[in-house]
Amino acid sequence: MATVYLNGEFLPPEQARVPVSDRGFVFGDGVYEVIPAYGGHLFRLEQHLARLRRSLGEIRLADPLSATHWRALLQDLVARNGGGDQSVYVQVTRGAAPRDHAFPKETQPTVYAASSPLKPLPADLAQHGVAVITLDDIRWQRCDIKAIALLSNILLRQRAIDAGAVEAVLIRDGVITEGAASNVFIVRGGVLVTPAKGPFLLPGVTRDLILELAVANGVPIEEASFTAGALRHADEVWLTSSTREILPVTRVDQQPVGEGKPGPLWQRMMALYQAYKQQVRERGEDVAI
Ligand code: PDD
């Protein structure tokens, strides 16, 4: 039986109740994180907690817990749910208060965390890769905040699914920002390129790890914008996220990427990523690259 955490208590999910006046429910006024755990160890926890703290700061909500408390709570949650490979969801909202756009005074934030088994990657990933479509980035101008208000991301992702693709890759002012729930990389002339951080994309924890692994292993990297045309003509295209790791994109808008198969740098990076995960599984989460 799964256990969730809500405002200081571990509970069965059906007993975890939030008032309907919660500002997360009414306004989408909150932020979240998704953190994978491998072999019961939370992966890149420090980086996820730093991003959570940053998101909270950007929406002017004090972090309700210390880093030590977050760490203990989330490790406890993973252990209570049987360890192994899990996906941990953490959400903090501005709490329950009479509906008013202005911040409530003295309202306690709502703190919720749950975990579920991590879904395995598609078995045929290395043979076929995945398809994406490109769409206009219709989101707001603070995509760097991991906000729970995801309506545009949901609409964009659904359009991709409806078109038989797995993700929508987004274009703003002629350049690629990111996916609806992933960061985007291209390989161009042996260089791994991903857009620089800024207000129009989420600073992905997986993105940063891949850049670190690339640097440590002599793969040239560039943090720079690129156009939809550059995406279409890239040698390789990847999507990255905590739950899907590195997905090789083999079709963009129904056209093949490169030779239409996952590329050699994806294979190399995937091997480095799996080796890093294995170290985490064996030794705990703080592994130096
Ligand atoms: N999403 N960009 C967006 C818009 C995202 O929602 C995500 C992750 C990423 C990748 O970030 P990271 O590598 O830190 O997971 C980029 C999560 C997994 C989700 O919403 O489920």
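If you restrict to DSSP beta bridges whose two residues both lie in the chain, what percentage is antiparallel, to the nearest 5?
In the chain, approximately 80 percent of DSSP beta bridges are antiparallel ones.
What's the magnitude of the charge dipole for the stretch 1-115 around its Cα centre, counting Lys and Arg as +1 and Asp and Glu as -1 at the beta-carbon? Answer in Debye, nearest 20.
Value, rounded to 20: 220 debye.
Full-extension gain between A224 and H69, please, as 0.36 nm times their residue separation minus the C-alpha to C-alpha distance.
Working: separation 155, 0.36 × 155 = 55.80 nm, distance 3.69 nm.
Length gained, A224 through H69: 52.1 nm.
Given the convex hull of the Cα atoms of the stretch 161-201, what is a quarter of its surface area in nm²?
For the stretch 161-201, the mean projected area of the Cα convex hull comes to 3.8 nm².
Each residue of the stretch 25-35 in turn: what ³J(HN,Hα) in whole Hz from Karplus with 6.51, -1.76, 1.60 and θ = phi - 60°, glycine and Pro shown as x?
With the stated coefficients, the stretch 25-35 comes to 5, 7, 10, x, 8, x, 9, 8, 9, 10, 10 Hz.
For the stretch 235-244, in order, what is each residue's ³J(HN,Hα) by Karplus, 6.51 cos²θ - 1.76 cosθ + 1.60 with θ = phi - 60°, in whole Hz (x at glycine and Pro)?
Taking θ as phi minus 60°, the curve returns 6, 9, 9, 10, 10, 10, 6, 4, 8, 10 Hz for the stretch 235-244.
I want to check a number: in the chain, how many lysine pairs have alpha carbons closer than 26 Å, given a sequence separation of 8 or more or different chains?
Lysine pair count for the chain: 8.
Of I148, I133, G174, which is farthest along the charge dipole of the stretch 125-281 in the positive direction, counting Lys and Arg as +1 and Asp and Glu as -1 at C-beta?
Farthest towards the positive end: I148.
Work out the length of the dipole vector of the stretch 125-281 about its Cα centre, built from +1 on the beta-carbon of each Lys and Arg and -1 on the beta-carbon of each Asp and Glu, and round it to the nearest 20 debye.
Values: 16 positive and 16 negative charges, 71 e Å.
Its charge dipole is roughly 340 debye.
Using a 10 angstrom cutoff on alpha carbons, build the Gaussian network for the chain and name the most mobile of K197, K105, K119.
K105
Please work out the C-alpha center-to-center distance from the stretch 120-192 to the stretch 50-97 and express it in whole Å.
Comparing the Cα centres of the stretch 120-192 and the stretch 50-97, I get a distance of 25 Å.
What percent do you get for the relative contact order of the stretch 138-289 when only Cα pairs under 8 Å and 6+ apart count?
19
Please list, ordered by chain and number, the residues whose modelled amide H lies under 5 Å from the amide H of E236; skip anything fewer than 5 residues away on the same chain.
Amide H neighbours of E236: V187.
Just from its helices, what would the mean residue ellipticity at 222 nm be for the chain, if runs of 4 or more DSSP H residues each count -39500 (n - 2.57) and the sum is divided by every residue, rounded to the nearest 500 deg cm²/dmol?
-9000 deg cm²/dmol
Can you compute the label reach from A102? Point 7 Å from Cα along the Cβ direction, backbone N cut-off under 12 Å, restricted to the stretch 52-66.
none
How do 258-264, 198-204, 136-142 rank on mean C-beta neighbours within 10 Å, highest first?
Top to bottom by mean Cβ count within 10 Å: 198-204, 258-264, 136-142.
Would you kindly state how much longer the chain becomes between A271 and A216 on full extension, computed as 0.36 nm times their sequence separation minus their alpha carbon distance, in nm to one decimal?
18.4 nm is the gain from fully extending A271 to A216.
Here, each number is a calculation from the coordinates, and none is a lab measurement. No experiment lies behind these values; they were computed from the predicted model shown. Virtual Cβ from ideal backbone geometry, glycine too; neighbours counted across all protein chains shown.
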